[in-house]
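Beneath this line is the structure, given in structure tokens, with notes to follow.
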Amino acid sequence: MALLFFGTDPNSGGGNCPAVWVDTDTAQGPELVLQGKFADAETRAACSQDSPPADDEGIIRVPLSMVE
């Protein structure tokens, strides 16, 4: 695994969650690795209507400020 640290939310206040990495060493090509707060039950239910997560998946929130 070759994780390239991209950064944390500038508004996190502690340099921690949320955070983003790029894994450059996957068979399918580069993938984003995200650390964020778990979404609440209402958000998970709404997302599950469009794309139910598999047993090894979860719904997290990452603030828009991370896009920069």
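Suppose we filter the stretch 55-68 for residues that are more than 16 Å from Thr43 (Cα to Cα) and either in contact with a helix residue (DSSP H, G or I) (Cβ under 8 Å, 6 or more places away or on another chain) or open to solvent by less than 50 Å² (accessible area, probe 1.4 Å) (or both); how many remain?
So the count comes out to 2.
For residues in the stretch 6-54 being aromatic (Phe, Trp, Tyr) and within 14 Å of Val67 (Cα to Cα), which is most open to solvent (accessible area, probe 1.4 Å)?
The extreme case among them is Phe6.
What are the residues in the stretch 13-38 that are under 11 Å from the mean Cα position of the chain (by Cα) and assigned to a loop (DSSP other than H, G, I, E, B), if any?
Listed by number, the residues that qualify are Cys17, Pro18, Gly36.
Of Val33, Val67, Val62, which residue is touching a Gly at 6+ places or on another chain (Cβ under 6 Å) and at negative phi?
So the residue among Val33, Val67, Val62 that is touching a Gly at 6+ places or on another chain (Cβ under 6 Å) and at negative phi is Val62.
The values are calculated or read from the model by the stated rules, or taken from the named source; none is laboratory data. This is a predicted model, so every value here is computed, not measured. Cβ sites come from the backbone with ideal geometry, for glycine too, and all protein chains shown count toward neighbours. Only protein heavy atoms, including side chains, enter the accessible area calculation; ligands, DNA and RNA are left aside. Shrake-Rupley method; radii C 1.70, N 1.55, O 1.52, S 1.80 Å.
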